Protein chains: 2
Amino acid sequence: MDLAKVKKIAIIGVGLMGGSLALALKKKFPKLTVWGFARSQASYRKLKRLGFLDKVETDLAKLVSDSELIVFGLPVEAISVYLKKISPFLKKGTVIFDLGSTKSLIQSQAKKVLPSETVFVGCHPLAGSEKSGAEHSLSTLYAGSICFITSAKSKTTRTVKSLWESLGCRVIFIDPNSHDRILSAISHLPHLLSFSLADFVPKNYLEFATPSFKDLTRIANSPASVWADIFLANRKNILKDLEKYLKLLKQYREKLKHSDKTAIIKLIDKANLKQKRVR
Amino acid sequence: MDLAKVKKIAIIGVGLMGGSLALALKKKFPKLTVWGFARSQASYRKLKRLGFLDKVETDLAKLVSDSELIVFGLPVEAISVYLKKISPFLKKGTVIFDLGSTKSLIQSQAKKVLPSETVFVGCHPLAGSEKSGAEHSLSTLYAGSICFITSAKSKTTRTVKSLWESLGCRVIFIDPNSHDRILSAISHLPHLLSFSLADFVPKNYLEFATPSFKDLTRIANSPASVWADIFLANRKNILKDLEKYLKLLKQYREKLKHSDKTAIIKLIDKANLKQKRVR
């Protein structure tokens, strides 16, 4: 695949992520044709109204059969389903990549169901928002973000790399398992904690929400359909991390029970040091 | 106490909170004299250099003996110590208030050690920052914040109320125990979770910090000396809340272990609903 020669890109799953990619690509490559898939009449009407796609297509065969590049912006589980659905219609040399937050499962699925003359490239740009839906798309969503590519280096993956770089991403090659371990710690467990915190707090206390409480619960607004999938697709890593985190909370509980100020200060000091390295 | 007649205010504990109060008061009441206490030579030099106080005083007796109003900007435990130290020097009718994040303990201490002809008013403005130190003071820190007053309504507490209102706060009267229960849920437990999250994450993952991870660990930079005190002063409520929170995490663990997608979606849906009420 030669980026300069790509004429048509098809996006399956035009939500916040897919929509923002469409906007960014159209801005950077004005001659490029970007089609999007609509799974329902409601999404067809919405995407037509938003108007940033060259065509909104409801027929998968028509959508993918002459696309050089196909992008999945769907939730993790749906990607598996749609990989199967499109595989009969793909032309030779088609490159397919996704934007999913977990990678091992999707990549093994892709290997199973896609024809061997196509290339699947696992991608995960670390961008997003607690908002969802194509109507919140931003052409700048990916600018300045890290983008993981979890397929081995090759001519094709390097082309996908340049695509992301042209949108302002810093690309990091990594294997899918390491990716999933990192994301569990840095994103999936934090979402679980934020959901739990929002759920935990009594309703009548919410009017007293401090700025820090708002920060900690902002992502508790993230969509259940997307996140239940992520939690399940990466459950082994998340369960391990949750266990580690529970141990830390239990340490606090013990030290608090014994009013052990020195130990509590030590725990907070450790957290302070770590936080200073978050950039 | 008549606000219009107050000539001198003394601040004991000129850090971010005390310093910001000094700045805000000087801006609103240009004729007011604001003195600050320096516990050490280093803090004396720093406060002199910052220059926003009318006088930096190292002698507690001189500081408080002719002040109509004394404000404590110290960490919770230090307030108890200094309440005792100043009590011999207070003139009749002096009003003392604090800015501490827990209230029951401080108020019972104040009752014990202060002369009966003075009035202690528990105050807690819900403002702050993960930064600390007088050098980060902002005259606007309190504008738009809620300020809890945890002493019963009286002529004096109503005057303190107008003082906070003149700085742009919305004042809510509440009893100290309810205050401490609310703050445990809305601020103290969230800090504990943020400290634990920063501590939990492997060092070499930090370069991949997402915007949401940064939001969740921002307050993990909060000073250990201040927060160990808060945790201990409000330990009973925090321990109760921690127990409730651990139960929620264990629910997630169970549902994840059994790959129970429906149950996980239900949990996230509940969190989404709560989050929408955070304003």
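The values are calculated or read from the model by the stated rules, or taken from the named source; none is laboratory data. Predicted model, so just to flag it, every value in this text is computed and none were measured. Note that we place each Cβ from the backbone using ideal geometry, even for glycine, and neighbour counts take in every protein chain shown.
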So, restricting to strands (runs of 3 or more DSSP E) that lie completely within the stretch A:1-87, which ones have at least 1 residues that are free of Cβ contacts under 8 Å to residues at least 60 places away in the same chain and within 24 Å of A:Leu105 (Cα to Cα)? A:33-37
Picking from B:Thr150, B:Thr140, B:Thr157, the residue that is touching a His at 6+ places or on another chain (Cβ under 8 Å) and either outside the structural domain of B:Thr217 (by TED's automatic domain parsing) or under 25 Å from A:Leu193 (Cβ atoms) (or both) would be B:Thr150
From the set of residues in the stretch A:205-224 that are under 23 Å from A:Ser132 (Cα atoms) and more than 7 Å from every other protein chain (Cβ to nearest Cβ), which is modelled with the lowest pLDDT? A:Pro211
B:Lys244 vs. criteria within 7 Å of another protein chain (Cβ to nearest Cβ), farther than 17 Å from A:Pro211 by Cβ and at pLDDT 95 or above: yes
Starting from residues that are touching a helix residue (DSSP H, G or I) at 6+ places or on another chain (Cβ under 7 Å) and surrounded by fewer than 23 Cβ atoms within 10 Å (Cβ to Cβ), keep the ones in the stretch B:209-221 and report whichever is nearest to B:Gly100 (Cα to Cα). B:Asn221
Residue satisfying condition, being over 30 Å from A:Lys153 (Cα atoms), of a type outside the set (S, T, N, Q) and under 15 Å from the mean Cα position of the chain (by Cα), within set A:Ala233, A:Ala220, A:Ala209, A:Ala228: A:Ala228
Residue among B:Ala185, B:Ala127 that is modelled with pLDDT under 95 and either closer than 28 Å to A:Ala198 by Cβ or within 11 Å of chain A (Cβ to nearest Cβ) (or both): B:Ala127
One residue is enough: does the stretch A:56-79 have a residue meeting the conditions within 14 Å of the chain's Cα centre (by Cα), among the acidic types (Asp, Glu) and more than 19 Å from A:Ala224 (Cα to Cα)? no
Any chance B:Pro202 is within 7 Å of chain A (Cβ to nearest Cβ), surrounded by fewer than 18 Cβ atoms within 10 Å (Cβ to Cβ) and without any contact (Cβ under 8 Å) to a residue 60 or more places away in the chain: yes
What residue, of A:Leu216, A:Leu239, A:Leu232, is farther than 19 Å from B:Thr217 by Cα and without any contact (Cβ under 8 Å) to a residue 60 or more places away in the chain? A:Leu239
Output the residues belonging to the stretch B:250-279 that are assigned to a helix (DSSP H, G or I), surrounded by fewer than 21 Cβ atoms within 10 Å (Cβ to Cβ) and among the polar types (S, T, N, Q). B:Gln251, B:Thr262, B:Asn272
Would you check if A:Ala127 is over 17 Å from A:Ser166 (Cβ atoms), surrounded by 23 or more Cβ atoms within 10 Å (Cβ to Cβ) and touching a residue at least 12 places away in the same chain (Cβ under 8 Å)? no
I'm told A:His191 meets every condition in (1) closer than 18 Å to A:Ile70 by Cα; (2) without any contact (Cβ under 8 Å) to a residue 60 or more places away in the chain except one. Can you identify the failing condition by its number? (1)
Within the group A:Arg170, A:Arg277, which residue is within 19 Å of B:Phe208 (Cα to Cα) and at pLDDT below 95? A:Arg277
